[in-house]
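First the structure, in the form of C-alpha cells, and then the observations on it.
The values are calculated or read from the model by the stated rules, or taken from the named source; none is laboratory data. Model, not experiment: these values are computed from the prediction. No Cβ is skipped: glycine too gets one built from the backbone with ideal geometry, and neighbour counts run over all protein chains shown.
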Amino acid sequence: MGIQIAPSILSADFANLEAEIGRIHNADLIHVDVMDNHFVPNLTLGLPVVDAILRRTSLPVDCHLMIDDPDRWAPAYAEAGAHSVTFHAEAAKAPVRLAREIRHQGARTGVGLKPATPVEPFEDLLGEIDMLLIMTVEPGFGGQAFLDMCLPKIRRTREMVSRSGLDVWIQVDGGVSKETIERCADAGADVFVAGSAVYGADDAATAVDQLRHLAAAAQQ
C-alpha cells in the first residue's frame with residue numbers, strides 16, 4: 001500500500017472549499033472531520049457537505065466521524081460514496097456490527113482511538129476493519145501540538161497488525177508536520193492526516209509531496 005497523505009480540510013477555507021480541494025490534487029485521500037459538538041467540543045460539517053465534496057472531486061474521501069451515536073449515522077456516509085468511514089471506539093455501542101455495515105455499504109471501515117485509549121483491547125477486531133486511527137492530539141480542534149506520548153502506542157499498533165497478518169492501515173491524525181511525520185512513519189504509521197501543515201503552506205501540493213517524501217524516507 002505504501003505511504004498515503006490525507007490533508008484535512010478542517011484547516012481549509014470553508015467559504016472556498018472547491019478551490020481548496022483543488023490545491024491538494026496530488027493527495028492520496030481527502031480527510032473530512034465531522035464533529036457534532038457532543039463527542040468533541042466543536043461543530044464542523046455533516047453529510048450534506050460531504051455529499052457536495054463527493055460530487056466535486058475524484059479523490060477518495062476519508063470521513064472521520066467524531067460524533068455521538070455513530071451506530072446510527074456512520075453508514076449513511078458510506079452509502080453516500082465515502083471511500084472510508086472511521087468511527088470512534090469510545091462512541092460506538094456495537095462496533096463489530098457497525099464495521100460490517102460500513103463495509104456492506106461499500107466503504108473501508110476505520111476505528112479511531114483517542115490518545116488515552118489503549119489499542120490492545122481491539123486486537124480481536126482487526127479482521128473486521130481496514131484501518132486503525134491513532135489520534136496524536138485530543139480530538140476536536142486543528143492546529144494542536146503533536147503528543148509524543150502516542151509514539152509507543154503507534155509502535156504497539158504496528159506490532160499488533162503485523163502479528164495478525166492482515167492488511168490494516170495505521171493512520172495518525174493530529175500535529176502531523178514536517179517536524180513530526182518521520183517519527184510517526186518510523187513508529188509504523190502509513191496514513192498521515194495533515195491539516196495546517198498542508199493548508200498553511202503557500203503551495204499545498206508541494207507540502208503534500210514533501211510530507212510523503214519524509215515519511216517514505218523514514219520507513220526505508
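Condition first: without any contact (Cβ under 8 Å) to a residue 40 or more places away in the chain and within 17 Å of the chain's Cα centre (by Cα). Now tell me which residues in segment 13-27 satisfy that.
21
Being over 29 Å from residue 147 (Cα atoms), more than 12 Å from the chain's Cα centre (by Cα) and polar (S, T, N, Q) narrows it down to one residue among 57, 44; which is it? Show your work before the answer.
Values: 44 fails: over 29 Å from residue 147 (Cα atoms).
Criteria check complete, one pass: 57.
With respect to residue 173, is the statement that it is under 23 Å from residue 83 (Cα atoms) and exposed (fewer than 13 other Cβ atoms within 10 Å of the Cβ) true?
Values: under 23 Å from residue 83 (Cα atoms): yes; exposed (fewer than 13 other Cβ atoms within 10 Å of the Cβ): no.
No.
Please determine whether any residue of segment 36-55 is touching a residue at least 24 places away in the same chain (Cβ under 8 Å), under 18 Å from residue 177 (Cβ atoms) and part of a loop (DSSP other than H, G, I, E, B).
no
State all residues of segment 21-43 that are surrounded by fewer than 19 Cβ atoms within 10 Å (Cβ to Cβ) and in contact with a Phe, Trp or Tyr (Cβ under 9 Å, 6 or more places away or on another chain); if no residue qualifies, say none.
36, 41, 42
Based on this model, can you work out whether residue 43 counts as closer than 22 Å to residue 191 by Cα and among the hydrophobic types (A, V, I, L, M, F, W, C)?
no
Residues of segment 140-193 being more than 16 Å from residue 3 (Cα to Cα), in contact with a Leu (Cβ under 9 Å, 6 or more places away or on another chain) and aromatic (Phe, Trp, Tyr), which ones?
Correct list: 141 only.
Output the number of the condition that residue 209 fails; it satisfies all remaining conditions of (1) in contact (Cβ under 8 Å) with a residue 40 or more places away in the chain; (2) part of a loop (DSSP other than H, G, I, E, B).
(2)
Does segment 189-202 contain at least one residue that is closer than 30 Å to residue 37 by Cβ and touching a His at 6+ places or on another chain (Cβ under 7 Å)? Can you show your working first?
Within segment 189-202, the subset closer than 30 Å to residue 37 by Cβ is 189, 191-201.
Narrowing further to those that are touching a His at 6+ places or on another chain (Cβ under 7 Å): 193.
Taking every residue of segment 189-202 in turn, at least one turns out to be closer than 30 Å to residue 37 by Cβ and touching a His at 6+ places or on another chain (Cβ under 7 Å).
Just to be sure before I move on: is residue 198 of a type in the set (A, V, I, L, M, F, W, C) and either assigned to a helix (DSSP H, G or I) or surrounded by fewer than 23 Cβ atoms within 10 Å (Cβ to Cβ) (or both) in the structure I sent?
Working: of a type in the set (A, V, I, L, M, F, W, C): yes; either assigned to a helix (DSSP H, G or I) or surrounded by fewer than 23 Cβ atoms within 10 Å (Cβ to Cβ) (or both): yes.
So residue 198 fits the description; yes.
Could you list, in sequence order, the residues of segment 2-35 that are of a type outside the set (Gly, Ala, Ser), within 23 Å of residue 88 (Cβ to Cβ) and part of a loop (DSSP other than H, G, I, E, B)?
Matches in segment 2-35: 28, 29.
I'm checking my understanding of the structure. Among residues of segment 44-58 that are charged (D, E, K, R) and under 18 Å from residue 79 (Cβ atoms), which one is surrounded by the fewest Cβ atoms within 10 Å (Cβ to Cβ)? Show your work before the answer.
Filtering segment 44-58 down to residues charged (D, E, K, R) leaves 51, 55-56.
Filter again for under 18 Å from residue 79 (Cβ atoms), leaving 51, 55.
Working: 51: 15, 55: 10.
For segment 44-58, the residue satisfying everything is 55.
Are any residues in segment 140-185 within 19 Å of residue 66 (Cβ to Cβ) and in contact with a helix residue (DSSP H, G or I) (Cβ under 7 Å, 6 or more places away or on another chain), and if so, which ones? Explain how you work it out, then say what you get.
In the first step, residues of segment 140-185 are kept if they are within 19 Å of residue 66 (Cβ to Cβ); the result is 140-147, 150, 153, 169-176.
Result: 142, 143, 170, 172, 176.
Pull out all pairs, ordered by first then second residue, where Cβ-Cβ is under 8 Å, the residues are six or more apart or on different chains, the first lies in segment 138-164 and is within 15 Å of residue 127 (Cα to Cα), and the second is of a type in the set (D, E, K, R) and modelled with pLDDT of 95 or more.
Every condition considered, the pairs that remain are 160/120; 160/123; 164/123.
Assess whether residue 102 counts as being closer than 19 Å to residue 7 by Cβ and among the aliphatic types (A, V, I, L, M). Spell out how you get there, then give the answer.
Details: closer than 19 Å to residue 7 by Cβ: no; among the aliphatic types (A, V, I, L, M): yes.
No; evaluated as a whole, the condition is false for this residue.
Got a sec? Which of 208, 168 is aliphatic (A, V, I, L, M) and within 21 Å of residue 87 (Cα to Cα)? First the steps, then the outcome.
On the way: 208 fails: within 21 Å of residue 87 (Cα to Cα).
The conditions single out 168.
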